[in-house]
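Presented below is the structure to which this report refers.
What follows draws every value from the coordinates through simple rules; no lab data is involved. If you're wondering where the values come from, they're calculated on a predicted model, not measured in any experiment. Note that each Cβ is placed from the backbone with ideal geometry, even for glycine, and that neighbours are counted across all protein chains shown.
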């Protein structure tokens with residue numbers, strides 16, 4: 001799962017090993033999931049700027065309970081605590 005969802009996409013985009021792995025020198029960007037927890041997706045509880053989601057009403061198993069960005073907790077139990085501008089836009093590696 002780690003290779004499929006983290007390491008391989010980071011490698012494809014040229015961000016590995018800074019992104020996509022847990023190792024010394026990496027950014028420590030992590031999402032902690034509760035794989036037993038069930039939840040129904042609702043736009044009203046999301047941070048989508050458009051105000052809707054095509055997944056509205058879908059019940060899912062496996063819910064993110066904590067998000068860590070560069071070693072700092074930025075969201076927990078559905079509440080974002082990061083200040084605006086905390087994220088950084090990363091450009092993909094130049095192809096050639």
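At a glance:
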item	result
Extended-chain gain in nm, criterion 0.36 nm per residue less alpha-carbon gap, residue 32 and residue 86	17.5 nm
Residue 93 versus residue 49: modelled label distance in nm, points set 7 Å from Cα along the beta carbon direction	2.9 nm
Pairwise Cα inverse-distance average, inverted: Kirkwood Rh of the chain (Å)	15.3 Å
